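Everything below concerns the one structure shown next.
What follows is calculated from the coordinates using simple rules that are stated; it is not laboratory data. Just so it is clear, the structure is predicted and the values come from calculations on it, not from any experiment. Ideal geometry is used to build each Cβ from the backbone, glycine not excepted, and the neighbour counts take in all protein chains shown.
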Amino acid sequence: MSGKHSAIKGAAWTAGESSTRIVADRRRLLEGAVGAAALLGAPRLAAAAARYTLRLATWGSPSAPQVADFVDEFQKLVRQESHGSVQVQSFPAGSLVDERAVPSAIQSRVVDIALTTMGSWASIVPTAGALNTVFFSPTGERFDKVIGPGTPLFRAFDADMANHGVRLLAALYNGPVVVVSNFPMGMPAAFRGKTVRVFDRLTAQIVQTLGGAPSTIGVADVYPALQRGTVKAAIGGLEGAIGLKEYEVGKDLLATNGLFGILMTGYVMNKASLDALPQGLQKVVLDAAYRAGRKASQAMVVAYGEELRQMHQHGMTVTQLQPGTAPYEAFKTALAPLARKQESKFPAALVKQILDAQR
């Protein structure tokens with residue numbers, strides 16, 4: 001019995017030892033496989049763990065729709081869709097880059113993304129120049145269909161910007177310019193012989209075409225100039241006119257309804273900054289900008305109407321040029337030579353594309 005018991009015990013020990021050895025061998029094989037997989041997958045894991053920070057600069061009031069309705073939404077979407085891989089750091093109110101310095105700051109990569117006036121690119125980007133004319137004047141309701149993300153005009157503008165190391169992220173509707181004065185300016189004849197404050201080449205050309213004398217005084221000087229009569233009227237954005245409290249020194253406001261062109265802002269990005277991101281994250285940034293841009297532009301269309309009402313509530317006489325009325329047709333006729341002159345300065349294909357987009 002003892003021999004049999006010893007044999008059984010020995011067999012049991014041998015089986016246990018064999019089982020232990022098999023488990024150990026399997027563990028070593030598994031550890032080796034995991035180690036090999038880890039080595040092979042290391043670049044992918046490292047890429048997945050990479051973190052990117054994009055610097056976004058804005059100027060003007062942080063509560064303005066082009067800032068408030070874009071930046072927060074853009075930051076949120078990028079963070080969510082990238083699963084935290086991309087963070088957008090915001091520098092508001094001109095704390096990093098002011099309005100005039102945006103083109104150089106973007107091209108030299110001082111910042112990655114910035115709010116910009118599209119007119120500031122007119123001298124180097126043909127499409128921007130063609131959009132800063134009296135023949136580009138889409139209504140707020142149609143703006144997104146004319147130059148929203150995915151439209152032929154947006155793609156053409158983006159491609160043109162890319163030739164200068166910049167990508168277009170969003171085009172935003174700031175509405176038609178307004179004219180503030182102390183007497184009615186509702187007909188072209190009212191501009192003749194008057195000194196009118198302008199803010200860029202386009203508005204200067206408009207005033208000259210209407211027989212007035214353009215004055216390029218700075219923003220800070222508009223209020224006292226209107227108050228003292230140094231200028232008889234001032235052309236500018238509606239949001240700016242409210243911010244400068246021009247209703248305190250002006251009695252009349254002319255809403256030009258696109259006959260003087262429109263104001264456009266937007267967001268641009270350094271092309272190298274975008275290209276430095278993995279393809280998947282590039283798409284995240286672009287898609288987030290398109291979605292945030294649509295939200296901001298819609299908010300700006302609503303804000304324009306509200307701002308006109310504010311001016312009326314401040315006691316101003318608000319005149320809006322309406323298609324089919326005598327004042328509208330008079331301004332359209334008076335500015336037709338300028339429109340033809342501007343069209344002749346750009347490639348025919350680009351002009352056709354812009355005109356066709358607005359039909």
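Which value does Rg/Rh take for the range 76-127 over its C-alpha atoms, Rh per Kirkwood?
Values: Rg = 13.5 Å, Rh = 12.7 Å.
In the range 76-127, Rg relative to Rh is 1.06.
Charged neighbours of Arg109, selected by a Cβ distance under 15 Å, balance to +1 (K, R count +1; D, E count -1). The distance from the alpha carbon centre of the range 319-343 to that of the range 298-313 is 23 Å, rounded to a whole number. Dividing the summed -39500 (n - 2.57) terms of all DSSP H runs of n ≥ 4 by the residue count of the chain sets its mean residue ellipticity at 222 nm at -16500 deg cm²/dmol. For the range 131-284, the dipole from Cβ point charges (+1 on Lys and Arg, -1 on Asp and Glu) about the Cα centre works out to 220 debye, to the nearest 20.
Can you compute the FRET efficiency between Asp287 and Thr317 using 1/(1 + (r/R0)^6), with r the Cβ-Cβ distance and R0 = 41 Å? Round to the nearest 0.05. According to the calculation, E is roughly 0.35.
Which angle between 0 and 90 degrees, to the nearest 10, do you get for helix 65-81 versus the longest principal axis of the chain when only C-alpha atoms count? Here the helix axis deviates by roughly 10 degrees.
About the Cα centre of the chain, what is the dipole size in debye to 20, counting +1 per Lys and Arg Cβ and -1 per Asp and Glu Cβ, all else neutral? Once rounded to the nearest 20, the dipole reads 860 debye.
Using alpha-carbon pairs under 8 Å, 6+ residues apart, how would you state the relative contact order of the chain in percent? Could you put the intermediate results ahead of the total?
Numbers: 573 pairs, mean separation 80.3, N = 359.
Dividing the mean separation by the residue count of the chain yields 22 percent.
Dipole magnitude for the range 149-216: about 200 debye, using +1 per Lys or Arg Cβ and -1 per Asp or Glu Cβ, origin at the Cα centre. Secondary structure note: in the chain, about 55% of the DSSP beta bridges are antiparallel.
Once you've got the Cα coordinates, tell me which of Lys283/Lys341; Lys245/Lys283; Lys76/Lys145 are over 32 Å apart. Please list the in-between numbers first.
Values: Lys283/Lys341 40 Å; Lys245/Lys283 42 Å; Lys76/Lys145 25 Å.
Violating the 32 Å limit, Cα to Cα: Lys283/Lys341; Lys245/Lys283.
Taking every alpha-carbon pair in the range 161-247 and binning the separations at 10 Å intervals from zero gives 16, 45, 23, 12, 3 percent. For the range 55-139, averaging the sequence separation of C-alpha pairs within contact (under 8 Å, six or more residues apart) and dividing by the residue count gives a relative contact order of 32 percent. When restricted to Cα atoms, the range 307-359 yields an Rg and a Dmax of 16.1, 46 Å, respectively.
Of the residues Val222, Ala101, Met187, the one whose Cα sits farthest toward the positive end of the charge dipole of the chain, with +1 on the Cβ of Lys and Arg and -1 on the Cβ of Asp and Glu, is Ala101. Of the three principal axes defined by the Cα atoms of the range 103-192, the extents in descending order read 46, 29, 19 Å.
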